[in-house]
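Working notes, structure below.
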Amino acid sequence: MPIFEIINVALESLRTNKLRSFLTMLGIVIGVGAVIAMIALGRGAQESVKQRIASLGTTLLTISPGQARGGGPVASATDRAPLLLSDATALEERGRSILAVEPEMQRQLQVTYESQNTNTNVVGTSSNYLEVRKFAMDAGRMFSASEDASRRRVAVLGSQVVQDLGVTDPNILIGEPIRIGGIQFEIAGVLASKGGTGFQNPDDQVLVPLQTARYRLIGADRLRSISVLSTSEEDIPVTMAEITRILRREHRLAPGRDDDFQIRNQADFLTTLGETTQVFTYLLAGIAAVSLLVGGIGIMNIMLVSVTERTREIGVRKALGATQANILMQFLIEAVVLCLLGGIIGILFGAGTAVILRKAFGWTTSVGLSSVVVAFFFAAIVGVGFGVWPARRAAALDPIESLRYE
């Protein structure tokens with residue numbers, strides 16, 4: 001029996017039962033669509049992280065407090081070795097391969113403008129924040145070094161804070177009073193938006209001069225972190241070694257003792273966040289792949305029912321000369337066609353879902369060719385895997401018994 005005739009008979013059987021064929025491949029459609037959409041979300045998150053890290057600058061180093069100095073088996077958060085303003089000063093004065101030093105201290109406080117208020121991160125920092133963190137101004141200006149030294153009550157708002165306060169035009173805020181933690185400040189400027197990573201939103205913060213934060217809002221000289229710009233990417237190892245030497249001397253650490261601070265560069269952040277998002281991508285894709293398994297079981301179930309319903313037809317075809325291979329091929333083609341059609345529709349469904357999520361919710365999504373190819377071939381494998389048993393059962397039917405079947 002010619003292969004083209006076998007294919008035509010298989011397709012004609014599917015066309016005869018359109019509704020059943022559609023319902024059979026619906027599980028594959030949903031499974032493939034879910035896999036494509038979940039992988040698109042995961043890839044989008046990874047790309048967003050990469051763009052955000054790149055936007056911070058490749059020569060940026062971040063120093064944060066490390067392990068407790070006491071060295072006991074249990075240490076609380078308050079026992080952690082602190083970073084102090086004196087550490088930042090020492091780095092700025094002694095670092096030869098350090099281009100800029102930007103210390104930060106932070107506290108969650110209520111910010112009030114007219115009748116609106118919001119809780120946000122208030123960051124005490126130096127006037128070179130824009131240079132080090134690669135931010136730009138949307139309106140107004142950044143506070144100056146002299147305003148920091150004189151402890152002026154001026155503030156620079158993030159774009160998300162402006163939205164939370166119900167203001168649409170940031171220019172009208174310049175020079176306006178605002179209360180931070182109950183203390184009145186003057187708005188000097190508004191930062192341009194950078195967008196959130198899903199882990200932290202850099203737009204949801206208020207910047208104030210470091211000395212103002214120290215004496216008027218926080219009341220301590222402990223730093224959350226110190227950001228350092230290396231002179232070049234090639235000098236990063238030299239800069240890290242220099243930072244280690246300076247801070248160990250400041251903290252009076254004896255030779256052989258572990259560092260009580262941590263230094264991270266952007267590559268470290270990129271690797272850590274990339275691995276985290278990749279794990280979530282695989283997890284989501286694995287959950288979505290269960291739908292493909294369910295869809296394959298559904299196809300096998302329907303094909304077994306189809307074999308039972310068409311027992312007499314199989315007997316007639318065998319009586320007219322059809323071989324077991326012909327019958328096997330026919331039912332296998334039906335199963336594979338259902339899965340491939342479901343896979344194609346599922347790819348369109350998944351890609352469309354990713355586009356809708358991006359436009360409706362502003363989520364970053366990225367549909368990769370590799371995920372499309374994997375989902376499509378996985379659908380084909382499901383068709384073959386779950387179609388073989390019903391096809392072999394149909395091929396093994398005895399022609400005489402099949403002709404007697406009612």
Note down the nm distance, to one decimal, between modelled labels 7 Å out along Cα→Cβ at Ile381 and at Met137. 5.8
Long-range amide H partners of Asn121, meaning residues 5 or more apart or on another chain whose placed amide H is closer than 5 Å, are Val206
Express in nm, to one decimal, how much length is gained between Val373 and Arg245 on full extension, taking 0.36 nm for each residue of separation and deducting their alpha carbon distance. 40.9 nm
Along the Cα→Cβ direction, 7 angstrom out, place labels at Leu320 and Asn301. What is the inter-label distance in nm? 3.2
Karplus couplings for the range 363-377 from phi (6.51 cos²θ - 1.76 cosθ + 1.60, θ = phi - 60°), rounded to Hz, Gly and Pro as x? 6, 7, 10, 8, 8, x, 4, 4, 5, 5, 5, 4, 5, 5, 5
For the range 206-219, 3J(HN,Hα) per residue [Karplus equation, 6.51 cos²θ - 1.76 cosθ + 1.60, θ = phi - 60°, Hz, x = Gly/Pro]: 10, 9, 9, x, 4, 5, 5, 5, 4, 9, 10, 10, 9, x
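Name the trypsin sites (Lys or Arg not before Pro) in the range 76-131 that are in a loop by DSSP and that have at most 11 other C-beta atoms within 10 Å, would you?
Details: sites: Arg80, Arg94, Arg96, Arg107; in loops: Arg96.
Filter output for the range 76-131: Arg96.
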For the Glu12, Lys359 Cβ pair and Förster radius 45 Å, calculated FRET efficiency rounded to 0.05 is 0.65
Inter-probe distance in nm under a simple model that places probes 7 Å from Cα toward Cβ, at Phe280 and Val238: 3.9
Collect residues whose amide H, placed 1.01 Å from N in the peptide plane, falls under 5 Å from the amide H of Leu84; neighbours closer than 5 in sequence don't count. Leu223
For Leu26 and Arg393 in one chain, what is 0.36 nm times their gap in residues minus the Cα-Cα distance, to one decimal in nm? 129.7 nm
Along the charge dipole of the range 140-232, which of Leu207, Pro177, Leu223 sits closest to the positive end, that is, farthest toward it, with unit charges on the beta carbon of Lys, Arg, Asp and Glu (+1, +1, -1, -1)? Leu223
So what is the diffusion coefficient of the range 67-259 in µm² per second by Stokes-Einstein at 37 °C and 0.692 mPa s, using a Kirkwood Rh over Cα pairs? 183
Given R₀ = 45 Å, FRET efficiency for Thr308-Ile287 by Cβ-Cβ distance, to 0.05? 0.85
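All of the numbers you see were taken from the coordinates with simple rules; none came from a lab. Treat the numbers as computed from the prediction; the structure is a model and nothing was measured. Cβ sites come from the backbone with ideal geometry, for glycine too, and all protein chains shown count toward neighbours.
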